[in-house]
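**Q** Sending over a structure as structure tokens; questions will come in a sec.
Just so it is clear, none of the values below were taken in a lab; they were calculated from the coordinates. This one's a predicted model, so the numbers in the text were calculated from it and none came from an experiment. No Cβ is skipped: glycine too gets one built from the backbone with ideal geometry, and neighbour counts run over all protein chains shown.
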There are 2 protein chains.
Amino acid sequence: MIRRIAVYPNTRPAMYDAYCDIVDASPAERVGLEDAEALLWADPLNHGVYPEAIDQARDVDWIQLPYAGVEPFLAHLDQEHTWTCAKGVYAAPVAEHVIGLALSIMRNLHEYARADRWTAPVGVNLLGANVTVLGAGGITEALLRLLAPWDCSTTVVRRQAEPMENAGLTVPSSELHRALSTADLVVVALALTDETTGILDSAAFAAMKNTGWLVNVGRGGHVVTDDLVEALQTGTIAGAALDVTDPEPLPQNHRLWSMPNCLITPHIANTPEMGLVLLEQRVAENVRRYCADEPLLGLVDVKAGY
Amino acid sequence: MIRRIAVYPNTRPAMYDAYCDIVDASPAERVGLEDAEALLWADPLNHGVYPEAIDQARDVDWIQLPYAGVEPFLAHLDQEHTWTCAKGVYAAPVAEHVIGLALSIMRNLHEYARADRWTAPVGVNLLGANVTVLGAGGITEALLRLLAPWDCSTTVVRRQAEPMENAGLTVPSSELHRALSTADLVVVALALTDETTGILDSAAFAAMKNTGWLVNVGRGGHVVTDDLVEALQTGTIAGAALDVTDPEPLPQNHRLWSMPNCLITPHIANTPEMGLVLLEQRVAENVRRYCADEPLLGLVDVKAGY
């Protein structure tokens, strides 16, 4: 039985064309809304046309959304359709960014980038380092996978100490400061909640080794910025790389911009350009699964709304 | 049977103390030269005292040297002893530097490091990229191991096309330009010979994609510097990160220092600080093997002199 899939709307050519190519390369047939059993939504910024589209697409049972979170489509979710989204797709680039940031500050690449002449050797290995990761979500999962050949000793700090796959050690939040005290590298990959806001304050920095490095790809609010500035200035910790800041964007003339042991990237761990490639891989895999009657990836729990 | 190991000379405290700790943590007994069956040489810069040391150490059968190459000890090598050195120990940090440099330029970290304000998103993933590596030695071996979770398509270019373990594809030097033409990232990890000098010239850059990135951790002479400057300036390639340059050190005021799509590090892929930690791991492993009567790592071929 040949599956019939529609790609809609055609308002974002890069995504629309990529999705059409995916369907054309699959065993499915690409059809208009009226004849479709499945719908690949091809423009994340154009959800306003959904109601009239679905009115035409009476036979659709599966809808693939382009988002990691489905907030923009919340009003449209229903129990009549099977919804999938890009859950988990964007974790790997963020994990890659963590390693890029860590290598940059640990190997002094950010300072060499600023230099205009040949300077002295500085730098330590990530290889074999003690890495403590705050948070046990998709980013941490992807990070532990990428780090596997690095022979690091990894500790994951999460709300409950339920062991995380591929982590050397999993400890509860109550042991945060102990887990910080042994780390050569501390990675923040948490969601921002009341409990985690300001979790990296002067007490946390004091718990860290003065040779310890901080990477934040969670949210700016996890770090008390003034405490970090002081820790960087006094050498309480070795340095920090931040893809997220508080406030964000970080104002021009903020002291962090000019500190030699600090690297700021403007919330770009996963850019739209990076994202599209990965989204295409996910959608192609789901189209393959749909044609083969296999379970789809990224199923949305409509009741829960995510 | 308890093995008796000497650590000598005591002229470089960091290494001497580390080696003593290794023996003390092992099943072996730490003894003076007179009683030793094995000798851990603890100062790479002090080989002049070897003859008088070995005169006292009549029972020694195994000597562990701290070098990757044994040139400084060549005059002392003999067939009466089993010699091991730090062969292969330093490849992993260089491979790590390759990934640090690649992530830095591909994710624009070097330019964000230079910025004094929040700027626009720029960057591509190393994840899933086509990586072409020139050279099939220890660095490439270590690089392919570190890259394994990145889902890259890897091509190794070597003199003969004998397949390299963990490489997607291995091709002979005659296919260099074809292997360059598909690469998102080109890594130079060659030894410098007559054949490889200037191998990356304007013709090679023309063969690369204009979205392709270059990382050089081989020798500066592999790249024709003026051709690279032109390729960077005209956008023939996307950018370059160089740990080695020609001339080296790169003179102040050289144009490469100020190019936005270029990152220079001062030949620091493996620093002495990084090296000691890795050497310690190797020596600890060899002490363990010696005590367990297992084959030692890094055996020196005394006749061949390496």
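**Q** Obtain the radius of gyration and the Kirkwood radius of the stretch B:91-264 from its C-alpha atoms and give Rg over Rh.
**A** 0.94
**Q** Would you look at the GNM of chain A, springs on alpha carbons closer than 10 Å, and say which of A:Ala179, A:Ala148, A:Ala115 moves the most?
**A** A:Ala115
**Q** Please compute the modelled spin-label separation between B:Glu80 and A:Thr119, points set 7 Å along Cα→Cβ, answer in nm with one decimal.
**A** 5.1 nm
**Q** Also, I was wondering about something else. Nearest the rotation axis from A to B, which residue of chain A has its beta carbon, and at what whole-angstrom distance?
**A** A:Ala113, 2
**Q** With no solvent and one point per C-alpha, what does the Debye sum give as log10 I(q)/I(0) for the stretch A:224-306 at q = 0.16, 0.17, 0.18 Å⁻¹?
**A** -0.74, -0.77, -0.81
**Q** Ok, one more. Among A:Gly135, A:Pro163, A:Leu263, which residue has its Cα positioned farthest towards the positive end of the charge dipole of the stretch A:91-264, with +1 placed on the Cβ of Lys and Arg, -1 on the Cβ of Asp and Glu, and the dipole taken about the Cα centre?
**A** A:Leu263
**Q** With no solvent and one equal point scatterer placed on each C-alpha of the stretch B:21-106, evaluate the Debye formula and give log10 I(q)/I(0) for q = 0.16, 0.20, 0.22, 0.26 Å⁻¹, two decimals.
**A** The Debye formula, applied to the Cα set alone, gives -0.72, -0.98, -1.12, -1.37.
**Q** A further question on this structure: Most exposed first by the Cβ proxy, i.e. fewest other Cβ within 10 Å, how do A:His110, A:His76 rank?
**A** A:His76, A:His110
**Q** Additional query: May I ask you to evaluate 6.51 cos²θ - 1.76 cosθ + 1.60, the Karplus curve with θ = phi - 60°, for each residue of the stretch A:56-61 and list the ³J(HN,Hα) values in order in whole Hz, giving x for glycine and proline?
**A** Listing the rounded values in order: 7, 9, 5, 9, 5, 10 Hz.
**Q** Taking amide H positions as placed in the peptide plane 1.01 Å from N, state which residues far from B:Thr154 in sequence (5 or more) or on other chains have amide H under 5 Å from it.
**A** B:Val131, B:Gly168, B:Leu169
**Q** Could you check the simple spin-label distance between B:Asn253 and A:Ala292, using points 7 Å along Cα→Cβ, in nm with one decimal?
**A** 6.3 nm
**Q** For B:Ile268, B:Ile54, what ranking results if the residue with the fewest other Cβ atoms within 10 Å of its Cβ goes first? Can you show the working numbers first?
**A** On the way: B:Ile268 21, B:Ile54 18.
Lowest count first: B:Ile54, B:Ile268.
**Q** How would B:Glu37, A:Glu294 line up from fewest to most surrounding beta-carbon atoms within 10 angstrom?
**A** Final ranking by Cβ density, sparse to dense: A:Glu294, B:Glu37.
**Q** Using a 7 Å offset from Cα along the direction of the beta-carbon, what are the separations from B:Pro163 to the same position in each other copy, nm, ascending?
**A** 3.6
**Q** What's the center-to-center distance, using Cα atoms, between the stretch B:142-202 and the stretch A:194-256 in Å?
**A** With the stretch B:142-202 and the stretch A:194-256 each reduced to a Cα centre, they are spaced 40 Å.
**Q** Obtain the nm distance between the two label points defined at A:Glu162 and B:Glu273 by a simple spin-label model: each point lies 7 Å from its Cα along the Cα-to-C-beta direction.
**A** Output for this residue pair reads 4.0 nm.
**Q** D for chain A, whole µm²/s, Stokes-Einstein with Kirkwood Rh over alpha-carbon pairs at 37 °C and 0.692 mPa s: what number?
**A** 154 µm²/s
**Q** Just add up the charged neighbours of A:Gly123: K/R +1, D/E -1, any other residue whose Cβ is under 15 Å from the Cβ of A:Gly123.
**A** -3
**Q** Shifting gears a bit: Using θ = phi - 60° and the Karplus relation 6.51 cos²θ - 1.76 cosθ + 1.60, list the HN-Hα couplings for the stretch B:162-172 in order, rounded to whole Hz, with x at every Gly or Pro.
**A** Ordered by residue, 3J(HN,Hα) equals 3, x, 9, 4, 6, 8, x, 8, 10, 10, x Hz.
**Q** Give the nm distances, rounded to one decimal, from B:Ala75 to the matching residue in every other copy, measuring between label points 7 Å along Cα toward the beta carbon; shortest first.
**A** Counterpart label points of B:Ala75 in the remaining copies fall at 8.6 nm.
**Q** Give me the percent relative contact order of the stretch A:91-264, please, defined on Cα pairs under 8 angstrom at least 6 residues apart.
**A** Details: 336 pairs, mean separation 34.3, N = 174.
Across the stretch A:91-264, relative contact order equals 20 percent.
**Q** Rounded to the nearest 20 Debye, what is the dipole magnitude of the protein assembly as shown about its Cα centre when Lys and Arg each give +1 and Asp and Glu each give -1 at the C-beta?
**A** It works out to roughly 480 debye.
**Q** Sticking with this one: Hey, can you list the DSSP H helices of chain A whose Cα span along the axis is 15 Å or longer and whose average Kyte-Doolittle score is at least 1.0?
**A** Span-like helices here: A:91-106.
**Q** Order A:82-88, B:137-143 from most to least packed using the mean count of other Cβ atoms within 10 Å.
**A** B:137-143, A:82-88
**Q** How big is the protein assembly as shown in terms of Cα radius of gyration and Dmax, in angstroms?
**A** For the protein assembly as shown, the Cα-based Rg and Dmax read 27.4, 94 Å.
**Q** Next up: Among A:Asn210, A:Val224, A:Pro149, which residue has its Cα positioned farthest towards the positive end of the charge dipole of the stretch A:115-245, with +1 placed on the Cβ of Lys and Arg, -1 on the Cβ of Asp and Glu, and the dipole taken about the Cα centre?
**A** About the Cα centre, the residue reaching furthest to the positive side is A:Pro149.
**Q** Something else now. Kindly give the distances from A:Thr197 to its copy-mates, label point to label point, with each label point 7 Å from Cα along Cα→Cβ, as nm values to one decimal ordered shortest first.
**A** In nanometres, ordered from closest: 6.5.
**Q** With each run of n ≥ 4 DSSP H residues scored as -39500 (n - 2.57), what mean residue ellipticity at 222 nm is computed for chain A after dividing by its residue count and rounding to the nearest 500 deg cm²/dmol? Display every interim value, and only then the final one.
**A** Values: 9 runs with 93 residues, N = 306.
One gets -9000 deg cm²/dmol as the mean residue ellipticity at 222 nm.
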